[in-house]
1. For a quick check, take a GNM of the chain with Cα springs below 10 Å and name the residue from Pro14, Pro41, Pro87 with the largest mean-square fluctuation.
2. Whole-Hz Karplus ³J(HN,Hα) for region 73-83, in order, using 6.51 cos²θ - 1.76 cosθ + 1.60 and θ = phi - 60°, x for Gly and Pro?
3. Per residue of region 109-121, in order, report the coupling 6.51 cos²θ - 1.76 cosθ + 1.60 (Karplus, θ = phi - 60°) as ³J(HN,Hα) in whole Hz, putting x for Gly and Pro.
4. In Å², what does the accessible area per residue of the chain work out to with a 1.4 Å probe?
5. For the chain, give the percent of accessible area contributed by carbon and sulfur heavy atoms, probe 1.4 Å, rounded to a whole number.
6. Mind listing the phi-derived Karplus ³J(HN,Hα) values for region 62-67, rounded to whole Hz, using 6.51, -1.76 and 1.60 with θ = phi - 60°, and x for any glycine or proline?
7. Amide H to amide H, which residues 5 or more places from Phe67 or on other chains are under 5 Å from it, using H placed in the peptide plane?
8. From the C-alpha coordinates alone, can you work out the Kirkwood hydrodynamic radius of region 60-121, in Å?
Amino acid sequence: QVQFVESGGGLVQPGGSLRLSCAASGSIFRIYDMGWYRQTPGKQRELVATITRSGTTNYADGVKGRFAISRDNAKGTVYLQMNGLKPEDTAVYYCNAQVQTTILSRELTYWGQGTQVTVSS
């Protein structure tokens, strides 16, 4: 069974930094696009950043210049380096990946369980 497990969330003061990690486990043939999303109570989950297998990145306007997404294909892991954190960045952060479990299977979308990030003084 394929799973993605996030880590690295926590409480940080405004202007601080955190690094989120999301590691894959299980039987996987290939991981394609990976990304980070976030959600606050009463709101829809929103895109934070995505990265293709070859390393092309895309960011939401509100995090450009502050956040950096990266990945390690050998480890099946995606990272989100968050700098200059603001109170409005407070949310549950979820990783997302498009996964092919065998050479013959179609791509399926997997989500992590989420990690809380709280930015407060």
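1. Highest fluctuation of the listed residues: Pro41.
2. Values per residue, Gly and Pro as x: 5, 5, 9, x, 10, 10, 10, 9, 8, 10, 10 Hz.
3. 9, 10, 10, x, 7, x, 9, 7, 10, 10, 10, 7, 9
4. 54 Å²
5. 48 percent
6. Along region 62-67, the couplings run x, 10, 4, x, 10, 10 Hz.
7. Asn83
8. The answer is 13.8 Å.
The values are calculated or read from the model by the stated rules, or taken from the named source; none is laboratory data. It should be emphasised that the depicted structure is a prediction, and the values quoted were computed from it without experimental measurement. The area values use the complete protein model at the heavy-atom level, side chains included, leaving out ligands, DNA and RNA. Shrake-Rupley method; radii C 1.70, N 1.55, O 1.52, S 1.80 Å.
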